[in-house]
Amino acid sequence: MKLLFIADPLESFKTYKDSTYAMMREAARRGHPLAVCEPRHLRWVSDGQVGGPVRAQVRDITLTGDADAWFRETAVREAALRDFDAVLMRKDPPFDSEYFYATHLLEQAEREGARVYNKARALRDHPEKLAILEFPQFITPTLVTREAQAVRAFHAEHGDIILKPLDGMGGMGIFRVKDDGLNLGSIIETLNKDGVQTLMVQKFIPAIAQGDKRILVIGGVPVPHALARIPQGGEVRGNLAAGGKGVAQPLTARDREIAETLGPILAARGLLLVGLDVIGEQLTEINVTSPTCFREISDQSGFDVAKRFVDALEAAVAAA
């Protein structure tokens, strides 16, 4: 398969923990040629009557095995996305306007024959915090609003709450307010920008002390181990980017119930790879843009996540 990865700049990769690199390494091991570009390299042009196809300036690369100079660029060229066997959208969040526009270009490329994973429309239809609303049976009491009074009423009912922006990543902008309501007004103002911006509020889940579990679902099937990201040093956030400690552990019965319920539904919508976040027994996020934790789960559990992913990718391309 000829593969195109749309990602952040290669020079920014931390290969010792990067899931996209793990995918590339397994694909290269199987002999699949690799090309890369960034979302800014995508473009479509019309002469007034005939348009397209969606193209990009891509870099053909080979992997060196060196920890530092980990890739070698062999060519820079123009290519149509439909000329690749698979296009993997692996740009990290945030899901901002530019990411949104990129999904529209990718959807146009799909109309022209490109095979994109995860599918462009599915990326747009599943904002990572709001996607849980479809599955209320698995989530903690939750409020989505931009109104300060609604947040205050939710706090009065539930006492200990978490507030977070809808476009955050890596634990950024997450606040906990306990029963005393200390700084609640200031936090609301910070997150809702005086009523202009929507935020999410959830009842605090004490099981965060045992970790915020990342469950990977590939082709609708859960990986048998999750990565519990355990808060450190008094932090309420377990995200690795916020200093959490990652500990791989087998899925619990509840983890499997959630993953096996959501997995087939999301896979049928074109989401080949999903990262479910579960605290205790509650689903907190559905990550679809660039799910991570391949390396940590594989290194600690011995289960080869990248192999499972490339197996699923090859099967999806063969079935397309």
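Every number here is computed from the coordinates shown, using simple stated rules; none is lab data. This structure is a prediction, so every number in the text was calculated from the model and none was measured. Please note: Cβ atoms are built from the backbone with ideal geometry, for glycine as well, and neighbour counts cover all protein chains shown.
Ranking of F175, F309 by neighbouring Cβ atoms within 10 Å, starting from the fewest: F175, F309.
For V236 and T261, a Förster radius of 41 Å and the Cβ-Cβ distance give a FRET efficiency of 0.90, rounded to the nearest 0.05.
State the Cα centre-to-centre distance between the stretch 157-200 and the stretch 217-261 in whole Å. About 23 Å separates the Cα centre of the stretch 157-200 from the one of the stretch 217-261. Between F95, F71, F84, the residue with the greatest mean-square fluctuation in the GNM of the chain (Cα pairs under 10 Å linked by springs) is F71. Taking label points 7 Å from Cα along the Cα-to-Cβ direction, A207 and D125 give a separation of 2.9 nm.
Its alpha carbons give the chain an Rg and a Dmax of 20.4, 64 Å.
For the stretch 186-202, the residues whose amide N sits under 15 Å from a probe point set 7 Å from the Cα of Q149 along the beta carbon direction are 195. Structure remark: mean-square fluctuation, Gaussian network model of the chain, C-alpha springs under 10 Å; the largest value among G65, G195, G270 belongs to G65.
Note on K307: lysines with a C-alpha under 30 Å away, same-chain residues under 8 apart excluded, are K2, K14, K17, K91, K119, K129, K213, K245. Using C-alpha pairs below 8 Å separated by at least 6 residues, the relative contact order for the chain is 18 percent.
In this simple spin-label approximation, T62 and D311 carry label points 7 Å from Cα along the Cα→Cβ vector, and these lie 2.9 nm apart. The angle between the Cα long axis of helix 253-268 and the main principal axis of the chain comes to about 40°, on a 0 to 90 degree scale. Sparse packing (at most 13 other Cβ atoms within 10 Å of the Cβ) combined with a DSSP loop state is found for the following trypsin sites (Lys or Arg not before Pro) in the stretch 157-212: K178, K193.
By the equivalent-ellipsoid construction on the alpha carbon gyration tensor, the stretch 1-105 comes out with semi-axes of 25, 16, 11 Å, ordered largest to smallest.
Helix-derived [θ] at 222 nm for the chain: sum -39500 (n - 2.57) over DSSP H runs of at least 4, divide by residue count, nearest 500? Mind showing how you got there, number by number?
Values: 8 runs with 91 residues, N = 320.
So the helix-based figure for the chain works out to -8500 deg cm²/dmol.
Placing a pseudo-label 7 Å from each Cα along the Cα-to-Cβ vector at V196 and E11 gives an inter-label distance of 3.4 nm. Fewest-first ordering of I162, I286 by other beta carbons within 10 Å of each residue's beta carbon gives I162, I286. Ranked by how many other Cβ atoms sit within 10 Å of their own Cβ, fewest first, the residues S46, S290, S19 fall in the order S46, S290, S19. Between F5 and A35, V36, C37, L88, the built amide H atoms are under 5 Å apart, and every one of these is 5 or more places off in sequence or on another chain.
Using a cutoff of 8 angstrom between alpha carbon atoms and counting only pairs six or more residues apart, the relative contact order for the stretch 245-311 works out to 30 percent.
If the chain linking D47 and D92 were pulled fully straight, counting 0.36 nm for each residue of separation and taking away their Cα-Cα distance, it would gain 12.9 nm.
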